[in-house]
Amino acid sequence: MPRSFAVTFDYRCPFARHMHMGLVAGVGQGSDWAVRFLPFSLDQVHIPEGDPPVWDRPSDGRGSGVRALEWGLAVRDTFPERFGAFHLNVFDIRHVHGQRFTEETLRNAAVAANLDPGAIAEEIASERPIKTLAAEHTEAVERWAVFGVPTIIEGDEAAFVRLMRPAVPADVEELLASLHRTDLNEFKRTRVPR
């Protein structure tokens with residue numbers, strides 16, 4: 001039986017990119033994982049108190065991070081066989097190419113993953129992805145007290161993790177093994193390793 005766990009992501013976070021590189025590689029190599037790629041909106045976390053949630057705003061007022069998450073969810077839920085390639089392409093828009101999440105860059109990421117950007121845009125227009133983002137982000141906050149990305153979740157355990165380099169599948173396995181060490185609450189370096 002595959003090991004079932006979730007890992008949060010927002011495409012703007014370089015540490016999420018590092019973790020998800022190892023996840024996508026592991027899935028592609030046949031690791032015995034049932035991974036739930038769980039969106040978590042950093043835009044939502046940073047809205048001023050009293051402002052409406054990002055998912056309740058008009059589509060042109062949600063922000064580019066939310067736009068990227070909508071594209072990712074549309075692919076994850078409609079074209080799951082192409083999700084890994086698209087997922088990493090979207091991370092690369094910002095963290096490799098230094099570009100913004102625009103309609104054009106997201107469409108290009110879709111084409112590079114052998115997807116039809118028009119079909120993804122239709123799925124986004126259905127508003128299913130924004131409703132999914134609202135539901136899954138809210139679940140992460142309410143059920144596991146998630147506050148950032150990437151957070152690894154298995155059962156009732158959740159831990160926020162920052163890897164300083166792209167992960168490989170063995171890193172993911174090591175982090176999963178550490179997740180259930182309830183005697184270790186925080187392990188944070190006082191200086192960034194060189």
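The values are calculated or read from the model by the stated rules, or taken from the named source; none is laboratory data. All of these numbers come straight from a predicted model, not from anything done at the bench. Glycine also receives a Cβ, built like all others from the backbone with ideal geometry; neighbour counts cover every protein chain displayed. For accessibility, only protein heavy atoms count, side chains too; no ligands or nucleic acids. Shrake-Rupley method; radii C 1.70, N 1.55, O 1.52, S 1.80 Å.
Here is how the numbers come out for the structure above:
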read-out: Degrees separating the helix 169-179 axis from the principal Cα axis of the chain, which is the longest one; value: 70
read-out: Size of charge dipole - segment 67-130 - debye, nearest 20, with Cβ of Lys, Arg +1 and Asp, Glu -1, no other charges; value: 240
read-out: Cα gyration tensor shape of segment 78-170, rounded if a/c is under 1.5, else prolate or oblate by comparing a/b with b/c; value: oblate
read-out: Total charge dipole magnitude, the chain, about the Cα centre, Cβ charges on Lys, Arg, Asp, Glu only, Debye to nearest 20; value: 780
read-out: Accessible heavy-atom area order of I124, I130, highest first, probe of 1.4 Å; value: I124, I130
read-out: Per residue accessible area in Å² of the chain, where ligands, DNA and RNA are left out and the probe is 1.4 Å; value: 54
read-out: Using θ = phi - 60° and Karplus 6.51 cos²θ - 1.76 cosθ + 1.60, couplings along segment 97-107 (whole Hz; Gly, Pro as x); value: 8, x, 10, 8, 7, 10, 3, 5, 5, 5, 4
read-out: Nearest 10 degrees, 0 to 90: helix 14-28 Cα axis against the chain principal axis; value: 90
read-out: Protein accessible area in the chain, 1.4 Å probe - carbon and sulfur %; value: 49
read-out: Solvent accessible area, Å² - F160, 1.4 Å probe, full protein context; value: 80
read-out: With DNA, RNA and ligands ignored, accessible area of T102 (1.4 Å probe; Å², nearest 10); value: 50
read-out: Segment 145-190 shape via C-alpha gyration tensor axes, a/c threshold 1.5; value: rounded
read-out: Amide proton proximity set for R3, modelled H, under 5 Å, gap of 5+; value: W33, A34
read-out: With at most 11 other Cβ atoms within 10 Å, longest stretch of the chain clear of loop GluC sites (Glu not before Pro) (DSSP); value: 50-185
read-out: Inter-part distance where segment 139-172 and segment 74-112 are each reduced to a Cα centre, Å; value: 21
read-out: Under the Karplus curve 6.51 cos²θ - 1.76 cosθ + 1.60, θ = phi - 60°, whole-Hz ³J(HN,Hα) for segment 133-150, x wherever Gly or Pro sits; value: 4, 4, 5, 6, 4, 4, 4, 4, 6, 6, 7, 10, 6, 5, 10, x, 10, x
read-out: Within the chain, percent of DSSP bridges classed antiparallel, to nearest 5; value: 45
